[in-house]
Structure formats: structure tokens, C-alpha cells
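The values are calculated or read from the model by the stated rules, or taken from the named source; none is laboratory data. Treat the numbers as computed from the prediction; the structure is a model and nothing was measured. Cβ sites come from the backbone with ideal geometry, for glycine too, and all protein chains shown count toward neighbours. Accessible surface is based on the protein model in full, side chains and every heavy atom, while ligands, DNA and RNA are left aside. Shrake-Rupley method; radii C 1.70, N 1.55, O 1.52, S 1.80 Å.
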Amino acid sequence: MRSPLRRWRGFGKPQRAEIYFRWSIYLMPLAAVPTALLSLGAHLDQYSAGSARVSLAVSLATTLVGLRACRTSLDHYLGRPADHRRWLVINGAVTVAGTWALLLTGPTADGTGAPPSTVLVTTVLLIVAYGPISIGLRLWWSAPAAVLLALLIAPAMVLAGLSAATTAGQLIGTLLGMPFIAASCRSFAWLTAVVWELDGTRETQSRLAVAEERLRFSRDLHDVMGRNLTTIALKSELAVQLAKRGRPEAADQMVEVQRIAQESQREVRDVIRGYRTADLHAEAIGARAVLRSADVTCEIDLGEDADGLPPHVQSVFGWVIREATTNVLRHSEAERCLIRLRREDGRAVLELENDGVPAVPLPSQGGGTGLRGLRERLAAHDGELTVPTAGTGVFRMLATVPLPD
């Protein structure tokens with residue numbers, strides 16, 4: 001069983017933000033029981049034993065139902081499946097029944113009627129009931145619901161011995177306070193939705209960046225191969241016609257086709273070489289800039305060994321940095337990242353480490369498509385990629401390539 005602190009570290013920033021905003025909303029129904037206890041403690045002489053028990057029972061029931069109503073209403077606001085309407089009705093019914101019970105079950109020891117402390121608890125219960133209503137219903141429906149709650153409570157206040165003027169003033173004050181509760185609750189719900197929307201936007205940006213790079217590569221290939229393939233097709237057709245007529249120029253045309261094909265192969269290699277080559281220093285500087293823009297502190301230590309590495313080692317390490325930067329942005333909520341290069345036992349070792357990794361087991365030789373592609377690039381130079389075990393919430397990756405004597 002994981003500790004709460006370890007579970008908290010395993011959450012990403014959107015999950016942490018939602019937990020914070022959720023409990024900011026949950027504090028409202030949780031305030032019902034402390035309010036009832038404070039009322040009993042301050043005015044104990046005004047309560048009979050039965051009315052004290054009713055007050056605590058009603059406050060506890062309102063808290064439990066209000067928590068569930070707040071939860072389902074927020075889930076509905078975030079677009080998740082939730083039976084919020086049913087719990088809003090239950091929440092309203094419990095509130096109305098509870099306030100009637102508070103006001104009409106002999107609240108005072110001398111039977112003179114409802115004391116001001118009981119009316120205060122009733123006001124708190126009304127406000128608590130309106131919180132989830134303001135989240136789960138649209139604004140033009142939540143306002144009539146507030147008025148309906150007030151109208152359902154008004155007869156109980158009159159029957160409890162309050163004058164019509166006192167009842168009207170109490171309910172008007174409650175209705176004037178409800179918009180502030182609605183603004184607070186809907187603000188927290190809106191902020192939660194914005195956090196998730198921003199997280200989805202970042203994921204979309206990563207996918208668009210990959211799609212844009214693929215389009216660029218396909219455009220370069222089209223520019224290089226389009227004209228040459230057209231020429232090859234035309235000259236091949238001409239050679240076929242000349243061969244059918246027994247003309248010796250057919251051989252010359254096929255020689256030209258061969259030359260164009262070889263030239264096309266060279267141009268394609270140049271395009272792929274430019275696409276697959278990554279400069280180590282440029283990738284490190286770019287990684288730092290991108291990570292800083294995402295509020296990630298990036299520490300880079302290439303030392304004096306980078307310039308002395310063979311070009312193919314610098315290129316493959318540049319690709320490792322590029323893929324690692326993408327993984328940090330897409331699969332973690334990092335606040336710190338480390339890139340370090342060193343020589344060790346005749347091998348160049350590139351170490352990359354970042355925090356903010358969700359608590360999901362990652363096999364040392366597993367990983368996704370990106371890590372698999374890096375292993376293939378390193379294997380082409382007798383190198384390897386390992387993911388050793390690191391601390392909680394930390395991802396560590398080592399890329400090693402042997403150096404020539």
C-alpha cells in the first residue's frame with residue numbers, strides 16, 4: 001500500500017490541480033457539521049437534547065449528500081459520465097427535510113420556538129445545498145432553483161415562530177449570499193476544466209509537430225523524386241518504342257535511365273542524411289530552450305568531450321537528446337532535467353534524467369516507439385540504450401557508444 005505522499009507524487013500536474021480545486025469545493029458541504037457544533041457549543045442552553053441530536057444528524061446527512069452532489073456535478077461539468085441530476089434532487093430534498101426538522105422538532109428546551117442559532121444553521125444548509133446546484137445546472141436554471149429552495153423553507157420558519165418580516169429578511173439575505181457561493185464554485189470548476197484543456201492542447205501540439213516534420217520530409221522527397229521519376233518513365237517508354245522498332249538508340253536511352261536512377265539514389269541519400277543527422281550542440285541548446293519555455297529547469301554538461309567525439313557519435317547523441325526532450329514534454333510533469341556527457345572505459349556515455357514521472361512501472365528494456373527507434377540508431381554504431389532504476393518519480397536513461405582507439 002503506497003503512502004499518500006508517494007501517491008501524490010505519482011499524479012501529474014492536471015491531476016494535482018483537479019484534486020486541489022475539488023477539495024476547495026468540498027470544503028463547503030464539510031462546513032455544515034462544524035457550524036452545527038459551534039452553534040451547539042455557543043448556545044447549549046437554547047437546545048433540548050432532541051433538537052441537539054436532530055441538528056447534528058441533519059448536518060451530517062447534508063454533508064454526506066452534499067459531497068456526493070458536488071462530486072457528480074463537477075464530473076458533469078468536466079464532461080464525464082455522472083448521474084448529477086439525481087444527486088442534485090436528493091441533495092435538495094435532504095436539505096429541505098432537514099431544515100423543516102430543525103425548525104419544527106422542539107428546538108428549545110423551554111419550547112418558545114426556534115432560536116437564532118438554529119436559523120443560522122438553516123441558512124448554512126441552504127447555502128451548502130446551492131453549491132452543487134450552481135455547478136451542475138446552467139445559470140438560468142440554478143437561480144430559479146435557489147428561489148425554490150427559499151420558498152420551500154419559508155413555511156417552516158413561520159411555523160417555528162419567526163415573524164413574517166424576520167423570515168423574509170433571513171431568506172432575502174440568504175438569496176443575496178448565494179451568488180457569491182455560485183461564483184466561487186463555478187470558478188473552481190472552470191479552472192479545473194481549463195487545466196485539462198491546456199494539458200490536452202500540449203499533447204495536440206506534440207502530435208502536430210510530428211505531423212509537420214513528416215510533411216516536410218514528404219515534401220522534400222517529392223521535390224527530389226518527382227521530376228526524376230517522370231523523366232525515367234518517359235525515357236523508359238521511349239526506349240521500349242525504339243526497341244520494338246529495332247533502333248540502336250534504345251540502349252542509349254536505357255543508359256540515360258540508369259544515370260538518372262543513380263542520381264536519384266544519391267539525392268535521396270542526401271535528403272535522408274540531412275533529415276537523420278542531428279548536431280549535438282544544436283540539439284542541446286534547442287532542448288534547453290524548449291524545456292525552459294515549459295518551465296523545466298534544464299542543466300546541460302557536455303564538458304570538453306563533445307567536440308572530440310566522432311561525427312557519427314555526435315549525430316546519434318543529438319537524436320537521443322531530441323527524443324528525450326520530446327518524452328519529457330509528452331510523458332512527464334518535470335520540473336528539472338539533466339543532460340550530461342562523459343567518457344567511460346573507452347565509451348561515450350550520454351546521461352539524461354528528469355523528474356515528474358508518474359508512478360507507472362517502465363521495464364528497463366521496454367519503452368515505446370521512440371525508445372525503440374533510439375536503440376536501433378545506437379545499435380547501428382554498436383551502442384546501446386539502457387533505462388536503469390532511479391528514484392521515485394525519476395526517469396533516467398543512458399546512451400553509450402564505443403569510441404575508436
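Checking Val296 against (1) modelled with pLDDT of 80 or more; (2) over 33 Å from the mean Cα position of the chain (by Cα); (3) of a type outside the set (Gly, Ala, Ser); (4) farther than 20 Å from Leu385 by Cβ, only one condition comes out false. Which one?
In the conditions (1) modelled with pLDDT of 80 or more; (2) over 33 Å from the mean Cα position of the chain (by Cα); (3) of a type outside the set (Gly, Ala, Ser); (4) farther than 20 Å from Leu385 by Cβ, Val296 misses (2) alone.
Taking the stretch 365-391 on its own, how many of its residues are modelled with pLDDT under 80, within 24 Å of Phe11 (Cβ to Cβ) and in a loop (DSSP other than H, G, I, E, B)?
Residues in the stretch 365-391 being modelled with pLDDT under 80, within 24 Å of Phe11 (Cβ to Cβ) and in a loop (DSSP other than H, G, I, E, B): 5 in total.
Among the β-branched types (Val, Ile, Thr) and at pLDDT below 75: is that true of Val268 in this structure?
no
Counting only residues that are of a type in the set (Val, Ile, Thr) and without any contact (Cβ under 8 Å) to a residue 60 or more places away in the chain, which one in the stretch 165-185 is surrounded by the fewest Cβ atoms within 10 Å (Cβ to Cβ)?
Step by step, filter the stretch 165-185, then rank; the result is Ile172.
List the pairs whose first member sits in the stretch 196-207 and is farther than 16 Å from Glu18 by Cβ and free of Cβ contacts under 8 Å to residues at least 24 places away in the same chain, whose second member is in a helix (DSSP H, G or I) and open to solvent by less than 60 Å² (accessible area, probe 1.4 Å), and whose Cβ atoms are under 9 Å apart, counting only residues at least 6 apart or on separate chains?
Gln205/Leu329
Based on this model, can you work out whether Glu304 counts as modelled with pLDDT under 80, over 33 Å from the mean Cα position of the chain (by Cα) and at negative phi?
So Glu304 passes the test.
Determine whether Ser51 is touching a Ser or Thr at 6+ places or on another chain (Cβ under 9 Å), closer than 15 Å to Val128 by Cβ and either modelled with pLDDT under 80 or not in a loop (DSSP other than H, G, I, E, B) (or both).
Values: touching a Ser or Thr at 6+ places or on another chain (Cβ under 9 Å): yes; closer than 15 Å to Val128 by Cβ: no; either modelled with pLDDT under 80 or not in a loop (DSSP other than H, G, I, E, B) (or both): yes.
When the stated conditions are applied, Ser51 does not pass them.
Answer yes if at least one residue in the stretch 28-48 is in a helix (DSSP H, G or I), modelled with pLDDT under 70, surrounded by fewer than 17 Cβ atoms within 10 Å (Cβ to Cβ) and of a type in the set (D, E, K, R), and no otherwise.
Checking the stretch 28-48: at least one residue is in a helix (DSSP H, G or I), modelled with pLDDT under 70, surrounded by fewer than 17 Cβ atoms within 10 Å (Cβ to Cβ) and of a type in the set (D, E, K, R).
If you go through the stretch 128-157, how many residues are part of a helix (DSSP H, G or I) and surrounded by fewer than 14 Cβ atoms within 10 Å (Cβ to Cβ)?
Going through the stretch 128-157 one residue at a time, the tally reaches 8.
Across the stretch 191-201, which residue is modelled with the highest pLDDT among those that are exposed (fewer than 13 other Cβ atoms within 10 Å of the Cβ) and not aliphatic (A, V, I, L, M)?
Here the answer is Glu197.
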